[in-house]
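First up is the structure itself, then whatever we jot down about it.
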Amino acid sequence: MREPQMCNILCNLKLDAKTAKEFKEKISDEYRVNMILDNLPLVFPLKRTDQDSTVYQLGFLVGLKGQYSGSKEEKYFIYNHLAFTVKYHKDMLTESARIVGFEVTPFSVKHEYEGKFDVRTTRLTTCDPHAKHTVVNSNSPQEVEEGKEIIFTYDVEFQESDVKWASRWDAYLLMNDDQIHWFSIVNSLMIVLFLSGMVAMIMLRTLYRDIAKYNELETQEEAQEETGWKLVHGDVFRPPNNSDLLCVYVGTGVQFFGMILVTMIFAVLGFLSPSNRGGLMTAMLLLWVFMGIFAGYSSTRLYKMFKGSEWKRVALRTATMFPAVVSAIFFVLNALIWGQKSSGAVPFGTMFALIFLWFGISVPLVFVGSYVGFKKPAIENPVKTNKIPRQIPEQAWYMNPVFSVLIGGILPFGAVFIELFFILTSIWLNQFYYIFGFLFLVFIILIVTCAEITVVLCYFQLCSEDYLWWWRSYLTSGSSALYLFLYATFYFFTKLEITKLVSAIFYFGYMLIASYAFFVVTGTIGFYACFWFTRLIYSSVKID
């Protein structure tokens with residue numbers, strides 16, 4: 001600590017054909033080397049020319065591709081000399097110091113020496129601490145070719161810094177794109193205001209007029225001329241097809257919604273800092289497991305309303321269906337990464353722990369929630385359901401279920417897609433994401449947008465005497481997940497330069513899981529908004 005090192009020789013390596021080929025592949029694929037010192041990741045500072053600021057990139061590249069001047073042939077060069085800068089903050093009272101920064105500048109240098117190589121005694125002519133001759137550029141770079149000898153060296157420079165230890169992460173987490181995030185928020189708020197205006201108009205003017213008119217109907221002749229949503233009052237709460245599956249999906253959505261909400265609150269309060277590596281994932285997994293109790297409760301409450309009696313079957317499906325689909329995709333992806341001998345593969349011990357969390361804690365909690373939910377009295381509908389379902393009239397083309405579902409997903413996606421770009425960049429392009437305040441705002445906007453667009457489309461649907469709203473309300477806002485996946489595909493082809501098949505499968509596999517989760521959350525928000533809306537309007541009209 002605080003003792004500078006200059007031109008320390010680490011080791012030498014004679015390249016054989018296999019090693020040279022592997023190095024070239026790693027350089028082509030832009031692999032990065034990551035290191036950690038006192039829990040701080042190694043960063044490569046990049047000066048931004050357009051702004052007077054520095055961006056920190058995690059790790060450094062293994063090497064680079066380039067040509068010698070006057071030559072067209074592309075060569076591979078390796079970064080074999082690392083100039084580390086360790087920043088420290090001194091305590092005035094004790095004279096001790098703590099590390100507050102860890103930066104690197106990599107160089108490619110073809111080191112030269114005389115005589116036989118020995119790590120302890122060899123003195124390099126290209127980099128010598130005794131002659132105060134150090135590496136400052138990569139003018140004579142180290143090629144990667146079979147038979148070449150590479151000597152790895154490093155410098156360490158210690159710099160005193162004013163940054164206190166408590167705020168050493170601030171430089172890493174400094175976001176240079178605040179304006180874009182604010183633009184994203186304003187853009188989303190515009191969508192919300194537009195939708196809120198529509199909902200307010202429907203609620204106050206149209207519904208108020210409808211309810212007043214329906215409640216004034218006196219004579220039989222007037223009653224026969226009824227049109228619009230009151231006509232379907234005897235069918236609107238008829239249980240839908242596959243009602244069990246709907247209950248399972250709603251329960252899973254509640255579980256997911258609870259997990260996201262609590263995670264966001266913890267993150268906004270600063271409990272899930274990137275300095276606690278893996279903290280975010282751990283928190284999300286544990287919260288998912290413990291939210292199982294709400295999943296069971298909400299799915300069986302709905303199931304009992306649909307006059308169901310086999311609550312254990314619904315509870316089991318709620319506890320296993322979504323995690324089973326995700327686990328299947330995850331296992332396949334993990335096997336592929338494991339086959340590539342990547343350190344990114346999840347070890348068997350962790351796998352076992354995940355399965356234990358699922359079956360040992362999550363499943364029992366779902367059953368507990370289901371038991372409590374089923375013991376409660378069933379939710380009473382505001383209107384009676386007829387014995388015989390009424391005929392649904394011919395619908396206009398724009399009320400076609402597929403069309404209205406696809407239209408419904410556009411606005412919720414539009415409200416979040418700018419933030420989505422930053423999240424994808426942080427996951428796939430090695431950057432920090434730590435603006436949970438923005439994310440929380442966007443999440444609230446997403447909830448409002450999903451609820452409002454579903455209510456608007458549900459109202460239009462009921463007005464055209466189509467009472468099959470249960471599934472459609474779930475799919476309307478849930479279809480935003482389709483747009484999310486399409487955007488992820490667009491992002492893959494425009495921003496990422498992935499050439500390996502396994503990497504592409506890995507990307508699409510994880511984006512599929514993310515889109516599926518997004519579908520479940522947004523669908524549940526839309527469903528509950530519609531459920532509340534239909535109960536509200538049908539409880540406010542007098543029906544003989």
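If you check Ser464, Ser503, Ser539, Ser473 for being among the hydroxyl-bearing types (Ser, Thr, Tyr) and modelled with pLDDT of 90 or more, only one passes: Ser473. Residues that are surrounded by 13 or more Cβ atoms within 10 Å (Cβ to Cβ), of a type in the set (Val, Ile, Thr) and more than 49 Å from the chain's Cα centre (by Cα) within region 110-159 comprise just one, Thr122. Quick check: anything in region 61-72 β-branched (Val, Ile, Thr) and under 17 Å from Phe107 (Cα atoms)? Looking through region 61-72, at least one residue is β-branched (Val, Ile, Thr) and under 17 Å from Phe107 (Cα atoms). Among the residues of region 26-46, the ones that are out of contact with any strand residue (DSSP E or B) (no Cβ under 6 Å at 6 or more places or on another chain), surrounded by fewer than 13 Cβ atoms within 10 Å (Cβ to Cβ) and either at pLDDT below 90 or of a type in the set (Ser, Thr, Tyr) (or both) come to 1 in all. Counting only helices (runs of 4 or more DSSP H) that sit completely within region 241-343, those holding 3 or more residues that are small (Gly, Ala, Ser) correspond to 243-268, 292-305, 311-339. Checking the conditions here, which among Ile337, Ile293 is touching a residue at least 12 places away in the same chain (Cβ under 8 Å) and in contact with a helix residue (DSSP H, G or I) (Cβ under 6 Å, 6 or more places away or on another chain)? Criteria check complete, one pass: Ile293.
Each residue in region 406-420 was checked for being under 19 Å from Phe183 (Cα atoms) and either at pLDDT 85 or above or open to solvent by less than 40 Å² (accessible area, probe 1.4 Å) (or both), and 10 of them qualify.
For the residues Val314, Val268, the requirement of being in contact with an Asp or Glu (Cβ under 7 Å, 6 or more places away or on another chain), surrounded by 14 or more Cβ atoms within 10 Å (Cβ to Cβ) and of a type in the set (Val, Ile, Thr) singles out Val314. Residues that are among the β-branched types (Val, Ile, Thr) and buried (at least 20 other Cβ atoms within 10 Å of the Cβ) occur at least once in region 476-496.
The values are calculated or read from the model by the stated rules, or taken from the named source; none is laboratory data. These numbers were taken from a predicted model, which means no experiment stands behind them. Backbone-built Cβ (ideal geometry, glycine too); neighbour counts: all protein chains shown. The area values use the complete protein model at the heavy-atom level, side chains included, leaving out ligands, DNA and RNA. Shrake-Rupley method; radii C 1.70, N 1.55, O 1.52, S 1.80 Å.
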